[in-house]
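The values are calculated or read from the model by the stated rules, or taken from the named source; none is laboratory data. Small disclaimer: the values here were computed from a predicted structure and weren't measured. No Cβ is skipped: glycine too gets one built from the backbone with ideal geometry, and neighbour counts run over all protein chains shown.
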């Protein structure tokens with residue numbers, strides 16, 4: 001404090017009066033200048049660096065320099081006193097002493113004022129920002145004053161146990177700075193108590209426990225109360241480091257820097273730390289999000305890539321990003337469109353995906369303040385947004401291709417009714433379905449395959465919605481399409497126009513309601529694809545006798561219905577687990593099938609009454625032509641439909657009729673099948689979820705003995721003669737489990753299963769990874785699957801004992817998350833239940849209102865037969 005410096009002033013005055021009068025240049029007033037005192041008081045009084053005190057007075061001296069300077073001046077004064085003692089000028093000495101007294105008094109007053117200011121400054125300082133330099137200063141200060149000197153060497157020290165270890169004690173190795181110790185920790189205690197014990201008993205650290213944290217040495221993963229039992233295993237290597245509180249304060253300070261290198265390093269570190277909830281909370285408290293958004297707005301290159309990845313990781317949490325603002329959304333979409341670097345485009349796309357899915361209908365995140373409507377204006381400001389996404393389907397980077405398709409799926413799934421029609425028209429103009437077909441025909445991994453199947457399912461939902469949309473002449477687009485269909489036929493209006501095109505009446509909208517807008521669009525597409533062929537077909541039918549005509553409009557509507565039945569468009573969702581590229585070419589398949597319908601009509605020489613027979617024949621050939629659809633090309637389908645002889649198609653149909661009743665193709669039966677399919681799906685869903693509620697045993701998986709390929713995939717699959725029992729909680733929110741050395745009886749409920757995974761239905765979006773085939777189920781490692789909360793985060797690993805258990809748990813979890821089922825057995829099971837239900841209903845239907853006679857009349861005489869049969873006499 002400054003008070004220590006003031007003690008020297010009376011001594012200096014006394015010595016000056018006693019011995020001599022110093023010269024003006026050697027006076028204490030000119031030596032002990034105000035800046036020196038300010039600097040010394042600042043350093044001693046606050047403990048902070050001189051640069052932290054906002055003062056215009058600075059000095060390069062330290063406290064030791066000041067003391068040395070004072071002693072030096074005292075020696076010089078003594079020497080000058082000795083010389084001046086011989087001079088005969090006592091009055092001059094007296095005058096100088098008086099002047100010196102006045103200066104010293106003034107200096108003392110200023111020192112008192114400064115002392116008061118320093119005391120106020122000490123009282124007002126509540127928080128000092130943590131920097132690397134101040135941290136080292138405090139560490140060195142504590143080591144001199146408070147820390148006990150370590151007597152052990154910096155090498156590994158083994159401490160003998162002081163007390164008997166309990167059942168939950170686990171031997172570990174802990175590293176702190178350069179010191180490493182082997183000890184045991186009780187994983188049943190809170191992590192704060194464990195850190196406190198380590199600080200006191202092992203490292204003699206007086207620092208508060210909340211300023212320190214435990215991490216794994218290998219992965220740098222933070223140890224918390226939630227994961228301590230899973231992460232701390234026997235002989236685990238840990239390290240004692242700064243807590244997320246300190247790390248967040250340090251990174252936030254660096255994010256405010258203007259130095260490019262500092263920003264790049266801090267954003268690079270932020271990518272990893274912000275995945276932790278504890279760090280994210282502290283980061284948000286210190287307004288770190290504001291710094292991060294500012295960096296995204298103003299940076300470029302790798303710094304921008306790191307900042308976007310940090311924002312992507314922050315958005316994996318269920319809080320902290322519910323008010324990003326329209327300016328940020330516009331900026332990210334602009335970055336996605338303008339940037340070409342892969343490491344920038346990938347996180348930017350992922351951020352937009354999170355914003356689109358965070359709407360009012362979201363079931364995976366509590367943040368519901370965004371959605372398609374919020375992003376629509378930003379998309380309109382960037383007309384190249386959707387074209388850029390479609391172009392990136394052909395990118396050489398796998399993750400960018402997958403993210404781009406995932407964003408298209410998210411937009412299709414969350415588009416609101418207000419923008420649904422215009423958005424779907426934009427996708428059709430960009431030929432999105434054609435681009436997806438090219439992806440299906442190429443090489444794709446598990447993640448991309450999942451997005452391809454989702455797009456396929458969304459297209460079925462889109463076609464279903466088109467089919468349910470009623471055609472109205474009050475809708476301009478519908479009216480224009482009908483008018484173009486008539487005008488392109490190039491026929492006179494005398495005698496009615498719509499009957500000539502193939503409708504049964506002059507009110508076409510009532511006949512086309514069966515297939516809605518989807519049927520109208522297909523009919524219009526047939527005309528647009530080849531207008532000359534359309535005119536030729538209409539004219540050919542008009543020139544035939546009335547009973548021999550094949551009505552074009554009726555044929556187009558019937559073909560649309562056949563295709564909807566085949567691809568489950570009539571139900572609105574599909575359970576297909578294989579690619580159906582021809583489904584995405586729905587309009588082209590319709591065009592080819594209508595041509596095949598007219599060909600078979602001519603070959604059969606059919607009449608108007610034979611229309612259902614021709615339809616059944618086309619249905620049979622359509623089913624045959626679409627066999628092996630996942631690998632069939634469009635030209636192969638066209639060849640099967642247009643070049644196969646009528647006799648071959650007819651013979652195949654007769655064989656099919658021998659195996660199945662033609663009654664199944666009737667419209668009421670098709671409607672019944674759609675209803676029973678929905679009921680069968682819900683039945684199987686409840687059965688699968690019930691398997692999860694009952695629970696089951698799985699071998700405990702450890703990372704040893706992994707095959708090379710499986711290690712690269714990050715999967716664990718080794719049987720270690722230990723068992724783990726999993727059971728879904730009754731509220732379907734968490735998955736409980738516990739480890740056992742052998743299989744035992746587990747009572748109902750979750751009381752005996754203390755461990756649980758709470759991310760099953762809350763927070764992150766769950767995923768199921770693993771899909772074996774029937775041909776390879778002989779290998780146990782092919783029955784492994786993982787419950788994941790992201791592409792790199794595994795919540796739990798499973799290794800099923802057989803294919804039945806694998807199917808029950810994977811499909812149960814998928815159905816729990818309302819995702820597509822993954823096993824063909826479950827899909828076949830649903831189909832079998834549907835067909836059995838149809839047959840049972842048909843048996844009941846065929847016997848309905850049949851009167852059973854009460855008595856049978858016995859004939860008086862038995863018929864005479866000549867082919868060797870005889871009848872016994874019942875009256876003999």
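Observations on the structure shown:
- Flag for residue 200 being at negative phi and buried (at least 19 other Cβ atoms within 10 Å of the Cβ): no
- Any hit, segment 532-546, residues being assigned by TED's automatic domain parsing to the domain that holds residue 590, under 30 Å from residue 422 (Cβ atoms), surrounded by 18 or more Cβ atoms within 10 Å (Cβ to Cβ) and at pLDDT 90 or above: yes
- Filter result for the condition that a residue is within 16 Å of residue 521 (Cβ to Cβ) and not assigned by TED's automatic domain parsing to the domain that holds residue 522, over 459, 455: 459
- Single condition residue 484 does not satisfy, out of (1) part of a loop (DSSP other than H, G, I, E, B); (2) modelled with pLDDT of 90 or more; (3) over 19 Å from residue 593 (Cα atoms): (1)
- Positions within segment 241-261 being over 23 Å from residue 346 (Cα atoms), in contact with a helix residue (DSSP H, G or I) (Cβ under 7 Å, 6 or more places away or on another chain) and assigned to a helix (DSSP H, G or I), in sequence order: 244, 245, 246, 247, 248, 251, 252, 254
- Any chance residue 476 is farther than 18 Å from residue 526 by Cβ, at pLDDT below 90 and more than 25 Å from the chain's Cα centre (by Cα): no
- Single match in 517, 573 (criterion: under 37 Å from the mean Cα position of the chain (by Cα) and either buried (at least 20 other Cβ atoms within 10 Å of the Cβ) or closer than 24 Å to residue 638 by Cβ (or both)): 517
- Residues of segment 189-211 classified as within 13 Å of residue 241 (Cβ to Cβ), touching a helix residue (DSSP H, G or I) at 6+ places or on another chain (Cβ under 8 Å) and part of a loop (DSSP other than H, G, I, E, B), total: 2
- Within segment 504-530, residues that are on the phi > 0 side of the Ramachandran plot reach partners that are modelled with pLDDT of 90 or more with beta carbons closer than 8 Å, at six or more positions or on different chains, in the pairs 516/466; 516/467; 516/468; 516/469; 516/470; 516/471.
- Boolean, residue 221 is without any contact (Cβ under 8 Å) to a residue 12 or more places away in the chain and in contact with a strand residue (DSSP E or B) (Cβ under 7 Å, 6 or more places away or on another chain): yes
- Selection from segment 262-295 of residues that are within 15 Å of residue 243 (Cβ to Cβ), part of a helix (DSSP H, G or I) and within 19 Å of the chain's Cα centre (by Cα): 273, 277, 280
- The set of residues in segment 679-728 that are assigned to a loop (DSSP other than H, G, I, E, B) and modelled with pLDDT of 80 or more contains only 695.
- Number of the exception - residue 319 against (1) without any contact (Cβ under 8 Å) to a residue 40 or more places away in the chain; (2) surrounded by fewer than 19 Cβ atoms within 10 Å (Cβ to Cβ): (1)
- Positions within segment 296-315 being free of Cβ contacts under 8 Å to residues at least 12 places away in the same chain and not in a helix (DSSP H, G or I), in sequence order: 300
- Given (1) surrounded by fewer than 17 Cβ atoms within 10 Å (Cβ to Cβ); (2) under 30 Å from residue 170 (Cβ atoms), index of the condition residue 232 fails: (1)
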